[in-house]
Amino acid sequence: MTVKKVLLALALLIPSAAWAQFSGEERPAGDTTLVLSLDDALKIALSENTSVKVADMEIQRTKYAQKGSYGQLFPQISASGAYNYAIVKQKVYFGSDANDSGSSSSGGGMASMYASMLEPIMYYIQQLYEVTGTPFVPYVEPVKPDDSSSGDGAIEMGRRNQVTLGLSASMPLVNFQLWESLRITGDQVEQAVEQARESRLGTVASVKQAYFAVLMAKASYDVYNAVYENAVQNYKYTESRHKTGKASELEMVRAQSSLAAAVPNVYNAENSIYLSLWQLKAVMGIDLDRPIDVQGKLEDYAQHMFYEINEGAEASLDHNTQLRQLPNQAEMLAKQIRMQQYAYIPTLSAQLSFNYYTQSDKFNLSQWRWLPSSTLVFSLSIPIFSGGQRYHTIKQTRVQADELALQRENTERQLRIGIRQNLSTMDTSMKSYDAANEAVKSAEKAYDIASKSYKVGKSTLTDLNNTELTLTQARLQAAQAVYNFVVAKASLEQTLGYDFTEEK
């Protein structure tokens, strides 16, 4: 009696809701589970997957970088301002050195000589003031005991307060390095676009593999659930025979152990479904708590277990994203070498500046007089010697170009190997599926015969369990063959560069 209760409890441990969910029965009203087809899953993934979003943002970033680099061709305009306060004014000397023999004359003679030297300058300043209509009043610095009257012959220059406001514009006129770097930014945008395509191809392949993993888990669940149901029926039938004395105690114990062994397999298969659904939601980029399910069964794809390819012809890698990125990288390296070679060519630039300048000994803004000045400068830079830095930089980039050529050859070789492996797996899966299908038909027939023989007492429960084990293995092998085929096909499509959006 105790054994019966335990077995009954084990049977009731399997949730009826899970049975309805994974057995294909209609869902109850109000169920919010999102049922997805493969196309639906791919569309959601291409819009919600994080790697796809990051790749698209990288395209925008490189486009902004390209537009920003073109700004170097336009004038760079900037404004500046400066205020200087002279703590100690600068002093200048005119004439012979104070230690010369002619310096023994009095301070008045030196002042007279300085006045005659500064007379043309003072006259020119006076004419400027007359043009502006402002009376010229020369400022006389008070004579200090330690000033020029002391006989050292030094005259202070400038004012205490000095303010300069300026506006400058500069732009390159001839700069081959800059022009070549702008071409490289265009290649970087193309590289980002191809990398985004690579991200989409990887996402499509990951979603397909996760989707097929769910179907494989559900196929395994169906197989083990059928084993469980058969074990329950066999247990009930053996129990009824045991009560009438037609079944021995050994057969009863075997029926109990078969039922108990079938329950963990159902739980493991059910858990595999939940795990594969979480993986599918993760690669799709949706909330892990959102209930979803997939449409169809793995057997639906068994009808399409073929792949058209010309007999004896090599698969084309023209659309492979890795091989399409390598030539672009080689082109960027070639342009980078040219840009580094252009470092030997002189550059020409122009700069226009407009400044306002004023100075005064008194900090009175209303009385400051502003004087304008402007300059136009053409700068020619001729590289002569850099210690071999430019030369070795070019050598380094050329080595990178040689490495890229070897990398392309090795990448193409590995891709060819991957294509052959996928094709071999697909071919083996088709053969395995055909053999497994035949095995399933034979095993089903053998199980039916053993079941009927057991019911009439011509065979034992052990014979029935053996035929059921053979049937279970054949069904799992058939499902595994289909799964291996579709996964290998998804990998092959990724290698050949078949985009989901392009297919549609």
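Distant-in-sequence amide contacts of V294, defined by a placed amide H-H separation under 5 Å and a gap of 5 or more residues or a different chain, comprise L36.
What you get for segment 429-504, charging only the Cβ of Lys and Arg (+1) and of Asp and Glu (-1), is a dipole of about 480 debye around the Cα centre. Note on K89: lysines with a C-alpha under 18 Å away, same-chain residues under 8 apart excluded, are K144, K362. Here the residues E198, E156, E270, ranked from fewest to most Cβ neighbours within 10 Å of their Cβ, fall in the order E156, E198, E270. Arranged from fewest to most other beta-carbon atoms within 10 Å of their beta carbon, F212, F385, F500 become F385, F500, F212.
Applying both filters, DSSP loop and at most 12 other Cβ atoms within 10 Å, to the GluC sites (Glu not before Pro) of segment 311-370 gives E311, E314.
Couplings 3J(HN,Hα) for segment 58-67, derived from phi with the Karplus relation 6.51 cos²θ - 1.76 cosθ + 1.60 (θ = phi - 60°), are 5, 4, 4, 5, 5, 5, 5, 5, 5, 5 Hz, where x marks Gly and Pro.
Looking at segment 371-469, the pairs of alpha carbons with a distance over 23 Å make up 71% of the total. Working note: Karplus 6.51/-1.76/1.60 with θ = phi - 60° gives segment 72-86 the couplings 5, 7, 8, x, 9, 9, 8, 10, 9, x, 8, 10, 10, 10, 7 Hz, where Gly and Pro are set to x. With the cut-off at 20 Å, tell me which of the pairs K297/K445; K297/K452; K43/K208; K63/K281; K441/K489; K236/K458 have Cα atoms farther apart than that. Check vs 20 Å cut-off fails for K297/K445; K297/K452; K63/K281; K441/K489. Note on K67: lysines with a C-alpha under 23 Å away, same-chain residues under 8 apart excluded, are K53, K335.
Where a number appears in this text, it was derived from the coordinates with a stated rule and is not lab data. Worth saying up front: this structure is predicted, and the values here are computed from it rather than measured. Counting neighbours? That spans all protein chains shown, and the Cβs are built from the backbone with ideal geometry, glycine included.
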